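Have a look at the structure below, then the notes.
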Amino acid sequence: MSVLEMKVPSPGESITEVEIATWLVKDGDYVEKDQPIAEVDSDKATLELPAEESGIITLKAEEGDVVQVGQVVCLIDRDAAKPAGGAAPAAETPKQEEAPKAAEPVKQEAPKPAAPTQTYATGAPSPAAKKILDEKGIDASQVSGSGRDGRISKSDAELAAVPAMGGNSLTATGSRSTTTTKLSVLRRKIAQRLVSVKNETAMLTTFNEVDMSEIFRLRKQYKEEFAQKHGVGLGFMSFFTKAVTRALQMYPDVNASIDGDFKVNYDFCDISIAVSGPKGLMVPVLRNAENMSFSSVEANIKDLAVKVRDGKITVDEMTGGTFTITNGGTFGSMLSTPIINPPQSAILGMHNIIQRPVAVDGQVVIRPMMYVAMSYDHRIIDGKESVGFLVAVKEAIDNPVEILMGGDERKGLGL
C-alpha cells in the first residue's frame, strides 16, 4: 500500500505553527488531488490546505488542534480505488447491508451505541480535558467542544469557567445558557497586536472634515466612461489613496517606523487597505501606490478585496505596508479613533458621508461631508506633522482636480 504523509506546509516566513480551523472532508473520504481538504489558521491569515494526491484520507489531527509546520496531519492511500459516485469506501458497505438481516436480539441491542452518541453530541472530553474538568469540578455536559463532532479538547477545558455563584435562579424567566468558543489563531494574534499597540505606542488622534462635493461630481460625470474604459468602477478609495501618497511625500516622518533606537524612513508608499472578510479584518497592501493611476488603484483594490472575501489572500500580500487606510463609513461609523497597524506609525480613518449644513463664502449650504481621523505614534510624529498631513489630505479631497489631476480631470482619470 502506497501511503502519502501530508505535512503542514509553511504559510510564510516566521510562521511556525497553525491551527486546524475546519476539516472540509471526513475520515475515510476519497479526495482528489488539489481538492481543498482543510482550512488552517495562522497568526496572519486563513489558508486552504489542498490534497497532494488522490486517494482515501485518514485524518491525524482534530479541528482546533495547533500543529507545527512540517507535522503530519493526514494520510492519503494512493492505491485506493475511487468509489462509484463518490460514495464512502466499499469496505464499509457490507456493514450497512448486514444490519437489516440481523436477528431480533441484535435489533434490541442497537440502542446501546446511542449512549456514546448522546454523550458525543454534547461533547466527549479527551483524557487530558477530562482531568482538567474534574479538577475544576465542571460537568462535561456544560462545556461546548470545538473539536471534531463536538469533542472537548484540552484547550476547551482550560477555557471553561467555573459556574458563577450567587443570583436567585427563581427570578430568572428567560434563557440563561452560554456558549464558549475558542478564538482562532488569527483573532488571538489580532487581539495581542491591538493590546500591544495601546501599551507600547504614544498614540494620539487628530481629526478634520472633508467636502466630498467634487468627488461626487467627478464620479457622477465620468463613472460610465471610466468603467467602460478601465473595467472597474471609480470609487472613493482611489481618491483617498492618491491624496495619502501625496501627503506622505510631503511629510516623510509619517511614512516611517521605529526600529529600536532608530527611525526607518521609506521612500516608497506601500498602502495597506483594510478589508472586512469572513475571518475578520485583513489589510492587503498596494505596493508603490505613489506610482499608480486612479484605475490601477481601483483594479488592485478590487482584486485584493475579492481574494480576502474568498479566502484566497496570501501572507505575502498582507505583509509590509508603510501606512494604512480604513473605511468605517461602509458600516455607518460617523467618527472613530482607528488603531495603528504596527510597525507602521500612522493610520487614516474614513467615515460615513452625511449631507450637512456648512458655511461657504459666508453662506450656509448643504454639502456631503465626511469626518476623517488620523491616529499616529507621537514618539516619531510630532503634532505639526500629523496636523499638516491631515490638512494636506483634506486639501486634495476638497479640490481633487487641481491637486490630484493637475487641472485636467479627463487626463487625470485616464480618459
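The values are calculated or read from the model by the stated rules, or taken from the named source; none is laboratory data. Just so we're clear, the structure is a prediction, and the values are computed from it rather than from any experiment. Cβ sites come from the backbone with ideal geometry, for glycine too, and all protein chains shown count toward neighbours. With ligands, DNA and RNA removed, areas are computed over all heavy atoms of the protein, side chains included. Shrake-Rupley method; radii C 1.70, N 1.55, O 1.52, S 1.80 Å.
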Index of the failed condition, residue 345 passing every other in (1) surrounded by fewer than 22 Cβ atoms within 10 Å (Cβ to Cβ); (2) touching a helix residue (DSSP H, G or I) at 6+ places or on another chain (Cβ under 9 Å): (1)
Do any residues in region 321-332 that are within 13 Å of residue 372 (Cβ to Cβ) have Cβ atoms under 9 Å from those of residues that are among the hydroxyl-bearing types (Ser, Thr, Tyr) and open to solvent by less than 20 Å² (accessible area, probe 1.4 Å), where the two are at least six apart or on different chains, and which pairs are they? 325/241; 325/272; 326/272
Strands (runs of 3 or more DSSP E) wholly inside region 181-289 that include at least 1 residues being open to solvent by less than 30 Å² (accessible area, probe 1.4 Å): 203-211, 256-259, 271-273, 275-277, 280-282
Condition test on residue 330, is it outside any loop (DSSP other than H, G, I, E, B), surrounded by fewer than 22 Cβ atoms within 10 Å (Cβ to Cβ), within 18 Å of the chain's Cα centre (by Cα) and polar (S, T, N, Q)? yes
Return only the number of the condition from (1) at pLDDT 90 or above; (2) farther than 26 Å from residue 387 by Cα that residue 355 does not satisfy. (2)
Within the set of pairs 6 or more residues apart or between chains, which connect a residue that is at positive phi inside region 289-316 to a residue that is open to solvent by 60 Å² or more (accessible area, probe 1.4 Å) with Cβ atoms less than 7 Å apart? 311/48; 311/278
Taking region 300-315 as the search range and keeping residues that are open to solvent by less than 60 Å² (accessible area, probe 1.4 Å) and touching a Gly at 6+ places or on another chain (Cβ under 7 Å), which one is modelled with the lowest pLDDT? 315
Out of the residues in region 23-40 meeting the condition of being in a loop (DSSP other than H, G, I, E, B) and of a type in the set (Asp, Glu), tell me which one is nearest to residue 146 (Cα to Cα). 27
Just for region 373-415: of the residues that are in contact with a helix residue (DSSP H, G or I) (Cβ under 9 Å, 6 or more places away or on another chain), surrounded by fewer than 17 Cβ atoms within 10 Å (Cβ to Cβ) and of a type in the set (Gly, Ala, Ser), which one is nearest to residue 224 (Cα to Cα)? 414
Output the qualifying pairs, or none if there are none: Cβ atoms under 6 angstrom, residues six or more apart or on different chains, first residue in region 264-277 and without any contact (Cβ under 8 Å) to a residue 60 or more places away in the chain, second residue of a type in the set (Lys, Arg). 270/287; 277/309
Can you go through 48, 63, 32 and tell me which one is open to solvent by 50 Å² or more (accessible area, probe 1.4 Å), touching a strand residue (DSSP E or B) at 6+ places or on another chain (Cβ under 8 Å) and on the phi < 0 side of the Ramachandran plot? 48
